[in-house]
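**Q** Below are the structure tokens for one structure; questions will follow.
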Amino acid sequence: MRGRFRLGSRIALHLAVVAVSCVAALGQASNRFDLTGPSINVHVQRGDQSLPIAMVPNLQAGDKLTIHADLPRTQSVHMVLIVAFLRGSTNPPPDNWFTALKTWDKKFSEGVTVAVPQEAQQALIFLAPETGGDFSTLKSAVTGRPGTFVRASQDLNEASFEQARIERYLQALQRIPDGSSDQLLDHSKKLAATLNLKPNDDCFKKAADQQMACLRQTGGQLLLDDGHGQTLAAALVSGDSANLIGAVAGTPMANAGGAGMYSAYVGTVIDLVRLMSGIHTAHFQYIPAIAFPDDESLNLRLNTAPSFHSPKSVIVVALPAIQSSVAPPLRLQDPSHVSCLLQPKMVLPLEGAPLVYATSFAHDLHLHLNNGATLNGKTDLPLMADAFEGGLVLTEVRGRKPLPVAAPEVRDADPSREKPAPPPDPESGATTPVIADKDGPLQITGTLQGMWGFDSFSGVTVPLQRLPGGNWTAAEQSELFTGRENQLRLHADGIACTSSVALDQGGQDRPLKWQQVPDRRNVLQVSLPLEKAAPGSVHLLVKQFGTTSIENVAVTAYSDKTRLEAIRIHAGDTAAMLSGTGLGGIVSVKISGVDYKPAADGPSPDGKSLQLVRTQDKQNADPHAKSPFNAGDSGTAEAKLADGRTVPVSYSVDTARPAVDLLRKTLKADAGSGMPLILSSENAIPLNAKLTLALRSRFPERFPRSEKIEVALSDGSLKATLSLADGSVVLQDSHTALAFLTPAKTFGSSAFGPIQVRAVASDGTAGDWIPLGTLVRTPVITGFTCTRSAAKEDANESGCQIAGKDLYLLGSVSADSSFENEIEVPLGFAGDSISVPRPTDNHTLYLKLRDDPEVVSTVTTTSPPSTGTRRGGAPSNAGAAPATTAPPPSSTTPATPQATVAPVPAGNTPPQ
């Protein structure tokens with residue numbers, strides 16, 4: 001409740017205590033103004049005009065009031081009606097400003113007529129039981145404490161205005177069928193905007209059959225500030241007691257029942273209780289009455305039952321404030337909203353003056369068309385305030401004449417798709433008002449005009465559309481994707497006359513939800529569900545009031561698979577990384593004028609990233625080409641998709657990644673038992689060897705002590721991190737580091753395949769991979785023997801065997817490098833010896849390892865293998881004990897490494 005006085009802290013505290021005490025006392029008797037009281041008929045005449053009291057927002061000096069108490073004929077107690085005028089809180093009224101009416105006297109059967117005196121500011125009606133000295137006693141109370149009654153007049157008027165808004169809200173809800181959740185939500189929003197109140201949002205969370213009952217509960221609405229109502233209540237002094245009233249309303253006594261004892265107007269009631277209690281006498285007690293105007297009647301509601309025993313009750317009723325007229329400050333809810341004159345039930349969504357919708361003060365409203373525009377020959381179109389519809393509604397048919405109804409035309413850029421539209425719907429504009437000047441402008445303006453009580457006013461000017469809109473197109477950035485619901489924006493030179501939007505589904509149109517985009521004229525937003533649609537052309541059908549033609553807007557729906565998130569580039573790099581989904585549809589990307597293409601290996605295994613390579617890098621094959629980007633750069637790149645779209649995607653440039661060069665790779669084979677196995681490829685790295693990598697830091701120039709070295713298989717299945725901290729990396733100088741690794745110990749006995757190395761910064765940023773070679777596992781060959789068949793004398797026909805462990809790692813064995821007559825080692829073989837062909841030179845067997853079949857390796861003995869004689873001509877089976885066994889390697893060969901590989905010389909760094 002808005003206050004009128006600025007109170008000191010001590011006075012405010014005192015009044016708060018008094019107010020709470022009054023509320024507590026009153027709460028014991030009644031807690032709402034729900035007791036029906038008598039009615040008082042009031043008619044107001046100003047000059048030669050006469051209006052019922054319900055249409056009078058304010059009185060002025062000279063007005064003539066005809067007042068009559070509408071009491072039943074069986075009224076058993078004589079009631080005295082007294083009309084009093086006030087002129088402020090510090091200037092008591094003269095005696096002739098009081099008029100008494102004996103309601104039981106027949107000469108007053110038609111009431112009494114009083115004139116509003118000059119300088120009067122407030123008017124009150126008192127209704128009291130007849131008693132000796134009643135008139136003089138009441139007059140003495142008013143003249144003795146005029147400020148108390150001035151305040152009572154203001155509070156009673158304001159309480160009446162506030163309760164009128166709630167009553168209109170509750171009445172409007174009765175127009176909605178029970179269980180209609182969508183209608184309830186829609187009209188509740190409209191009522192809230194026009195009446196300037198906030199419904200209880202918790203009601204909409206209840207079940208559909210409980211929402212209406214919840215909203216109808218008095219006290220379930222929060223009245224918002226209404227400056228217009230306060231002005232009409234004639235506040236004589238400035239001030240704000242909102243904090244005081246808020247503190248009182250928050251107490252348990254004032255907040256009884258959870259919703260507050262007096263709901264939305266608790267502050268006003270507290271003030272009234274305090275005021276009326278302050279003027280209590282031995283003969284009279286004053287009780288406030290809130291008036292509900294209906295035509296000429298002021299229907300009174302009381303919160304306390306009148307008493308006809310001493311102290312007798314005096315009912316206090318406030319008449320409208322005596323002041324100059326204050327026109328309603330109506331305004332558009334959305335300044336960009338355009339209303340369609342062709343719409344059969346056009347609504348102007350105006351807000352800012354809830355009393356226009358809650359009372360009858362505003363009447364004879366009409367919309368005046370500006371600049372000579374007419375509708376059916378009329379320039380003034382009648383309006384009616386309807387809070388249920390959310391604004392001012394055109395009230396009559398306006399002489400609409402039916403146009404000749406022909407087959408509707410579907411406008412389409414592609415003539416081959418034109419087809420007859422569905423039969424015209426009278427509610428959607430098939431029958432339209434005739435506009436005289438069809439060649440005039442599409443949009444015009446109109447000004448709200450009407451009467452506010454006795455005074456005329458000219459209000460807000462609103463934009464209007466008088467013809468159907470044309471040039472319908474989809475917004476350039478409105479991309480549609482199948483598999484989900486889309487929000488599509490349509491543009492036209494006028495959208496206000498849109499009656500429906502539908503999705504063309506081959507003869508069965510699907511209605512769509514749409515609305516005007518706030519703060520954007522001529523832009524329509526459509527919810528377009530394409531969950532089950534296929535990529536391709538989509539057609540929207542737009543119907544408008546005032547025409548039978550249907551606008552056909554064609555758009556393209558794309559696959560929802562491709563969604564681009566961002567591009568990241570590191571300074572100094574010639575490649576970029578694109579993140580998103582459906583990246584297989586990327587054709588090219590242009591970043592700051594530089595063309596990129598997807599890398600040959602395509603998207604990552606999870607499909608969420610794609611490496612982009614500069615086009616010129618592919619042409620020039622220069623992995624160290626200078627990058628045009630610097631750390632901190634950012635912008636928007638353009639990605640071209642396979643479906644023809646060009647999609648924007650943001651890019652950012654991070655700091656340069658760590659970079660190292662491989663100076664040398666050194667292998668030291670495990671000095672174990674067995675015959676020497678020579679790996680002919682320098683890219684082969686034995687699993688049991690000790691690997692040493694010499695690395696020079698390229699960026700940063702000095703090798704950071706926090707930098708780590710990562711070694712991993714190319715398929716990402718195994719990896720290891722080396723660092724200075726654990727001693728696996730040692731600085732040779734400030735630029736060069738040596739990394740040590742034994743793959744068998746680090747990765748285990750099942751590791752094999754291409755292996756690579758890279759530098760990793762302390763923040764996790766990784767450099768480019770450098771290939772090291774192929775990790776291979778080698779068998780241990782401990783013996784090599786041959787046998788000769790007894791039926792043959794040629795030693796070349798003898799069968800041979802090799803013995804050892806891990807022989808399953810062999811793929812095949814041949815007597816020479818041609819592998820024409822190779823013997824394959826079967827899958828699943830797990831023996832410790834196997835038959836092999838006799839070496840062509842009697843010394844060297846040629847082997848292919850299962851981990852690297854493309855590389856030919858050799859095992860050589862220093863003397864021919866020993867031979868023996870075996871009955872039968874067939875060679876021995878794999879795994880059978882040889883007839884004769886070659887001497888142990890220690891006795892026939894020097895102690896040499898099992899496998900050796902020449903080191904990679906400096907300068908032969910594998911390509912990056």
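The values are calculated or read from the model by the stated rules, or taken from the named source; none is laboratory data. Computed from a predicted model, the values in this text were never measured in an experiment. Cβ placement follows ideal geometry from the backbone for every residue including glycine, while neighbour counts extend to all protein chains displayed. When the accessible area is computed, the model is the full protein with side chains, heavy atoms only, and any ligands, DNA or RNA have been set aside. Shrake-Rupley method; radii C 1.70, N 1.55, O 1.52, S 1.80 Å.
**Q** From the list Leu236, Leu138, Leu244, Leu224, exactly one residue is modelled with pLDDT of 55 or more and either of a type outside the set (Lys, Arg) or more than 25 Å from Ala362 (Cα to Cα) (or both). Which is it?
**A** Numbers: Leu236 fails: modelled with pLDDT of 55 or more; Leu244 fails: modelled with pLDDT of 55 or more; Leu224 fails: modelled with pLDDT of 55 or more.
Selected residue: Leu138, the only one of Leu236, Leu138, Leu244, Leu224 that is modelled with pLDDT of 55 or more and either of a type outside the set (Lys, Arg) or more than 25 Å from Ala362 (Cα to Cα) (or both).
**Q** Within 22 Å of Thr482 (Cβ to Cβ), open to solvent by 30 Å² or more (accessible area, probe 1.4 Å) and in contact (Cβ under 8 Å) with a residue 60 or more places away in the chain: is that true of Glu531 in this structure?
**A** Details: within 22 Å of Thr482 (Cβ to Cβ): yes; open to solvent by 30 Å² or more (accessible area, probe 1.4 Å): yes; in contact (Cβ under 8 Å) with a residue 60 or more places away in the chain: no.
So Glu531 fails the test.
**Q** Sticking with this one: State which residue is surrounded by the fewest Cβ atoms within 10 Å (Cβ to Cβ) when the search covers only the stretch 477-509 and only residues that are in contact with a Pro (Cβ under 6 Å, 6 or more places away or on another chain) and free of Cβ contacts under 8 Å to residues at least 60 places away in the same chain. It would help to see each step written out before you state the result.
**A** Here is the first cut: in the stretch 477-509, the ones in contact with a Pro (Cβ under 6 Å, 6 or more places away or on another chain) are 482, 485, 497, 502.
Add one more test, that the residue is free of Cβ contacts under 8 Å to residues at least 60 places away in the same chain, and what stays is 485, 502.
Numbers: Glu485: 11, Ala502: 19.
Filtering first and then ranking leaves Glu485.
**Q** Among the strands (runs of 3 or more DSSP E) contained in the stretch 703-778, which hold 3 or more residues that are within 22 Å of Asp851 (Cα to Cα)? Write out each step before concluding.
**A** Details: elements: 708-713, 719-722, 729-731, 736-741, 753-760, 770-776.
Here the list reads 708-713, 753-760, 770-776.
**Q** Just name the residue that is nearest to Gln121 (Cα to Cα) out of those in the stretch 69-81 that are in contact (Cβ under 8 Å) with a residue 40 or more places away in the chain and over 60 Å from the mean Cα position of the chain (by Cα).
**A** Step one: filter the stretch 69-81 for residues in contact (Cβ under 8 Å) with a residue 40 or more places away in the chain, giving 69-70, 77-81.
Next, only the ones that are over 60 Å from the mean Cα position of the chain (by Cα) stay: 77-81.
Numbers: Val77: 32, His78: 30, Met79: 26, Val80: 23, Leu81: 20 Å.
Looking at the filtered set, the residue picked out is Leu81.
**Q** In the stretch 818-886, which strands (runs of 3 or more DSSP E) lie fully inside it and hold 1 or more residues that are surrounded by fewer than 18 Cβ atoms within 10 Å (Cβ to Cβ) and either among the acidic types (Asp, Glu) or at pLDDT below 90 (or both)? I'd like the intermediate steps shown before the answer.
**A** Details: elements: 833-836, 844-849, 852-860.
Result: 852-860.
**Q** Among the residues in the stretch 780-799, are any within 25 Å of Lys668 (Cα to Cα), open to solvent by 10 Å² or more (accessible area, probe 1.4 Å), at pLDDT below 95 and in contact with an Asp or Glu (Cβ under 7 Å, 6 or more places away or on another chain)?
**A** So far as the stretch 780-799 goes, yes, one or more of its residues are within 25 Å of Lys668 (Cα to Cα), open to solvent by 10 Å² or more (accessible area, probe 1.4 Å), at pLDDT below 95 and in contact with an Asp or Glu (Cβ under 7 Å, 6 or more places away or on another chain).
**Q** Could you tell me whether any residue of the stretch 589-598 is at negative phi, hydrophobic (A, V, I, L, M, F, W, C) and either modelled with pLDDT under 90 or more than 32 Å from the chain's Cα centre (by Cα) (or both)? Reasoning before the result, please.
**A** To start, the set of residues in the stretch 589-598 that are at negative phi comprises 589-591, 594-598.
In the following step, the residues that additionally are hydrophobic (A, V, I, L, M, F, W, C) were identified as 589, 591, 594.
Add one more test, that the residue is either modelled with pLDDT under 90 or more than 32 Å from the chain's Cα centre (by Cα) (or both), and what stays is 594.
For the stretch 589-598, residues at negative phi, hydrophobic (A, V, I, L, M, F, W, C) and either modelled with pLDDT under 90 or more than 32 Å from the chain's Cα centre (by Cα) (or both): present.
**Q** Of all residues in the stretch 58-115, which are charged (D, E, K, R) and crowded, with 18+ Cβ neighbours inside 10 Å? Lay out the reasoning, then the answer.
**A** Filtering the stretch 58-115 down to residues charged (D, E, K, R) leaves 63-64, 70, 73, 87, 95, 102, 105-107, 110.
Scanning the stretch 58-115 gives Asp63, Arg87.
**Q** I'm checking my understanding of the structure. Among residues of the stretch 152-164 that are closer than 22 Å to Lys312 by Cα and touching a helix residue (DSSP H, G or I) at 6+ places or on another chain (Cβ under 8 Å), which one is surrounded by the most Cβ atoms within 10 Å (Cβ to Cβ)? Write out each step before concluding.
**A** Within the stretch 152-164, the first condition is being closer than 22 Å to Lys312 by Cα, and the residues that meet it are 152-153, 156.
Among the residues that remain, those that are also touching a helix residue (DSSP H, G or I) at 6+ places or on another chain (Cβ under 8 Å) are: 152, 156.
Numbers: Ala152: 23, Leu156: 25.
The selected residue is Leu156.
**Q** Take the residues in the stretch 668-707 that are over 30 Å from Ser749 (Cβ atoms) and polar (S, T, N, Q), then tell me which one is surrounded by the most Cβ atoms within 10 Å (Cβ to Cβ).
**A** Result: Ser697.
**Q** Anything in the stretch 555-570 that is touching a Ser or Thr at 6+ places or on another chain (Cβ under 6 Å) and either aliphatic (A, V, I, L, M) or buried (at least 23 other Cβ atoms within 10 Å of the Cβ) (or both)? List them, or say none.
**A** Ala557, Ala566
Conditions tested, residue by residue: (1) among the aromatic types (Phe, Trp, Tyr); (2) open to solvent by 10 Å² or more (accessible area, probe 1.4 Å); (3) assigned to a strand (DSSP E or B).
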site	(1), (2), (3)
Phe292	yes, yes, yes
Asn299	no, yes, yes
Thr304	no, yes, no
His309	no, yes, no
Ser313	no, no, yes
Pro335	no, yes, no
Ser360	no, yes, no
Gly372	no, yes, no
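**Q** So which residues in the stretch 337-358 are crowded, with 19+ Cβ neighbours inside 10 Å, in a loop (DSSP other than H, G, I, E, B) and touching a His at 6+ places or on another chain (Cβ under 9 Å)?
**A** Gly352, Ala353
**Q** Among the residues of the stretch 444-476, write down those that are of a type in the set (S, T, N, Q) and crowded, with 19+ Cβ neighbours inside 10 Å. Break it down stepwise before answering.
**A** From the stretch 444-476, those of a type in the set (S, T, N, Q) are 445, 447, 449, 456, 458, 461, 465, 471, 473; that's our starting set.
Gln465 - this is the single residue of the stretch 444-476 that is of a type in the set (S, T, N, Q) and crowded, with 19+ Cβ neighbours inside 10 Å.
**Q** Can you find a residue that is touching a helix residue (DSSP H, G or I) at 6+ places or on another chain (Cβ under 8 Å) and surrounded by fewer than 23 Cβ atoms within 10 Å (Cβ to Cβ) anywhere in the stretch 129-138?
**A** Taking the stretch 129-138 as the starting set, the residues that turn out to be touching a helix residue (DSSP H, G or I) at 6+ places or on another chain (Cβ under 8 Å) are none.
No, there is no match, as no residue in the stretch 129-138 is touching a helix residue (DSSP H, G or I) at 6+ places or on another chain (Cβ under 8 Å) and surrounded by fewer than 23 Cβ atoms within 10 Å (Cβ to Cβ).
**Q** Same structure, new question: Go through the stretch 107-136 and report how many residues are among the hydroxyl-bearing types (Ser, Thr, Tyr) and over 16 Å from His78 (Cβ atoms). It would help to see each step written out before you state the result.
**A** Applying the first criterion (among the hydroxyl-bearing types (Ser, Thr, Tyr)) to the stretch 107-136 yields 109, 113, 131, 136.
Imposing the further condition that a residue be over 16 Å from His78 (Cβ atoms) reduces the set to 113, 136.
Result for the stretch 107-136: 2.
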